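The values are calculated or read from the model by the stated rules, or taken from the named source; none is laboratory data. Computed from a predicted structure; not experimentally measured. Quick reminder, even Gly has a Cβ in these numbers, built from the backbone with ideal geometry, and neighbours come from all protein chains shown.
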Ligand code: ADP
Ligand code: MG
């Protein structure tokens, strides 16, 4: 199909660019971040301190874009899978996301009574997937809005599911179709790379990711993953 081919071509170009640019930017960026940190520790002037704070936040943003690009360049090489308890992996991610959700007054509700699931995965990559998805849900939900729900369970003998449900602004079917395109974003400060990376990571784990969404109702993401990754 023509669209699929176009998307693949786009990805190949993005990947090549990503490899080159990310490597070139990373080292100078690390030293700029380090020195900005040192300067802000030594400066007393309040307004300069504020400017340095803004610089640090923006540098963090560049840093995360560069990290995403690095991943696009070589995802398979970075995959290190072993057995993990998925319940505690999700709990860890929720802890990590709490400051951000608290800031908007949104509760992330993970049922601690969920079935215990142990599965083979790359812990860091799986965390990255969950962080990206929860972040999108937080961004889609209005302040002090409805909670974000996460559930986990056995899907079949050798598969498990993770559901992430929000009651945020939801999406039209046109938007749903474009979700995984690189650089597709509706946010002023979005990169449009988050879901593309999520899908790559889930595919590396031989799983699937699907979205259901309605404008005004919210969005439900379903991830299905094998408990064990078949060797290829
Ligand atoms: P970014 O978050 O940088 O925009 P993503 O790839 O993570 O990039 O998401 C792409 C787009 O998909 C978002 O800009 C948004 O329009 C839409 N989207 C993703 N998740 C949700 C969600 N839970 N609710 C509503 N829209 C979403
Ligand atoms: Mg995102």
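Taking the condition in a helix (DSSP H, G or I), surrounded by 11 or more Cβ atoms within 10 Å (Cβ to Cβ), modelled with pLDDT under 80 and in contact with a helix residue (DSSP H, G or I) (Cβ under 9 Å, 6 or more places away or on another chain), does residue 93 pass?
On the way: in a helix (DSSP H, G or I): yes; surrounded by 11 or more Cβ atoms within 10 Å (Cβ to Cβ): yes; modelled with pLDDT under 80: no; in contact with a helix residue (DSSP H, G or I) (Cβ under 9 Å, 6 or more places away or on another chain): yes.
No; evaluated as a whole, the condition is false for this residue.
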- Task: Go through (1) within 16 Å of ligand 1 (Cβ to nearest atom); (2) surrounded by 17 or more Cβ atoms within 10 Å (Cβ to Cβ); (3) in a strand (DSSP E or B) one by one and return the number of the condition residue 109 breaks.
- Result: (2)
- Query: Can you name the condition, by its number, that residue 119 falls short on among (1) away from ligand 1 (no atom under 13 Å from the Cβ); (2) assigned to a strand (DSSP E or B); (3) out of contact with any helix residue (DSSP H, G or I) (no Cβ under 6 Å at 6 or more places or on another chain); (4) closer than 19 Å to residue 224 by Cβ?
  - Reply: (3)
- Residues being touching a residue at least 60 places away in the same chain (Cβ under 8 Å) and either assigned to a loop (DSSP other than H, G, I, E, B) or more than 12 Å from ligand 1 (Cβ to nearest atom) (or both): count how many of those fall in the range 198-214. 4
- Task: With respect to residue 148, determine if the residue is more than 16 Å from residue 212 (Cα to Cα), at pLDDT 95 or above, surrounded by 13 or more Cβ atoms within 10 Å (Cβ to Cβ) and within 16 Å of ligand 2 (Cβ to nearest atom).
- Result: no
- Task: Scan the range 151-187 residue by residue and report those that are within 16 Å of ligand 2 (Cβ to nearest atom) and part of a strand (DSSP E or B).
- Result: 164, 166
- What about residue 231, is it modelled with pLDDT under 90 and on the phi < 0 side of the Ramachandran plot? yes
- Message: Just to be sure before I move on: is residue 186 touching a residue at least 60 places away in the same chain (Cβ under 8 Å) and within 9 Å of ligand 1 (Cβ to nearest atom) in the structure I sent?
- Response: no
- Query: Residues in the range 206-218: is at least one touching a helix residue (DSSP H, G or I) at 6+ places or on another chain (Cβ under 8 Å) and within 20 Å of residue 86 (Cα to Cα)?
  - Reply: yes
